[in-house]
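Enquirer: This is the structure, below, for whatever I ask next.
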Amino acid sequence: MNTAFLQVVKDAELARDLSRIADDFDILGFFHHFGSSCFAMSALLAQILTAKGYKARVQGCYAEIRQGNEVFYVGYQGFAHQGQKEGHVVCLVEDKYLIDFGLGTLKKHYAADFKPALACPLVSNADGAGVIAHLPLNDDSNMVWRIDWISPMVEAELLSQTPTVQRILAVFEDFQKNRVAHLVKRLFAENYPSTTDAALQALRPPQVDPITAPQAQHRLA
């Protein structure tokens, strides 16, 4: 996986750990199977980072992608796509960085080549505008994460996905213990990818579709 998006993380050890986690998520198919569920991905990442000794927590928010006079909303009230819940969550690390591993829906509804994960430094909310992070994107647009509105469903949705997250975490931890064996199987056993994919598909929350071909893209004003 191209982890150039982590160049904004100046803590070398944290950057290495995040890069390794992102690579492992990619190898295991987590971005494919769960990338459209920000709740599962953010909760999973926060647990993994906490276990490594970092201060990590899930933060409810919504996001905007602004380009000229157009705005595309991510998780904002009234703008949930079919099969999605209102609201968005991200992982905040060390009170310094926002890590968003739940952007799979943008590949389907915004741009087919949108990155599955982004990272950026947190900004002060002293002005009261509700902005916690912003990042310029390659298409000359800007992505902004905001907390001036947080979906009231966030807490309940995180709670409902706890059992699923724990099962996904068990897959991740097993991979860490048996990395070489897993990679060898992936290289030489024809049935390994399909077996793993079937297991992960069974773990997906009902409303989450795997990321496949992009659907019609809509910019919402």
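Enquirer: Select from the range 173-192 the residues that are touching a residue at least 40 places away in the same chain (Cβ under 8 Å) and under 23 Å from the mean Cα position of the chain (by Cα) and write down the one among them that is least open to solvent (accessible area, probe 1.4 Å).
Expert: Among those residues, the one meeting the criterion is PHE175.
Enquirer: Right, here's the next one. For PHE30, work out the one condition from (1) more than 16 Å from the chain's Cα centre (by Cα); (2) under 14 Å from ILE168 (Cβ atoms) it doesn't fulfil.
Expert: Every listed condition holds for PHE30 apart from (1).
Enquirer: In the range 91-123, what residues are part of a strand (DSSP E or B) and farther than 13 Å from PHE39 by Cβ?
Expert: Matches in the range 91-123: LEU92, VAL93, TYR97, LEU98, ILE99, LEU118, ALA119, CYS120, PRO121.
Enquirer: Which condition does VAL71 not pass, out of (1) closer than 23 Å to VAL131 by Cα; (2) within 16 Å of the chain's Cα centre (by Cα), if it passes all the others?
Expert: The one condition VAL71 does not meet is (2).
Each row is one residue, and each column tells you yes or no for (1) among the basic types (Lys, Arg); (2) touching a residue at least 12 places away in the same chain (Cβ under 8 Å); (3) part of a strand (DSSP E or B).
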site: ALA15; (1), (2), (3): no, no, no
site: SER19; (1), (2), (3): no, yes, no
site: ASP26; (1), (2), (3): no, yes, no
site: HIS33; (1), (2), (3): no, yes, no
site: ILE48; (1), (2), (3): no, yes, no
site: PHE72; (1), (2), (3): no, yes, yes
site: VAL89; (1), (2), (3): no, yes, yes
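Enquirer: While we're on this one: Looking at (1) touching a Lys or Arg at 6+ places or on another chain (Cβ under 6 Å); (2) open to solvent by 20 Å² or more (accessible area, probe 1.4 Å), which one does ALA80 not meet, given that it meets all the others?
Expert: Just one mismatch for ALA80, condition (1).
Enquirer: Just the residues that are open to solvent by 50 Å² or more (accessible area, probe 1.4 Å), among the charged types (D, E, K, R) and in contact with a helix residue (DSSP H, G or I) (Cβ under 9 Å, 6 or more places away or on another chain), please, taken from the range 148-172.
Expert: ARG167
The values are calculated or read from the model by the stated rules, or taken from the named source; none is laboratory data. What you see is a predicted model; the values in this text were computed from it and never measured. Don't worry about glycine lacking a Cβ; one is built from the backbone with ideal geometry, like all the others, and counts go over all protein chains shown. The area values use the complete protein model at the heavy-atom level, side chains included, leaving out ligands, DNA and RNA. Shrake-Rupley method; radii C 1.70, N 1.55, O 1.52, S 1.80 Å.
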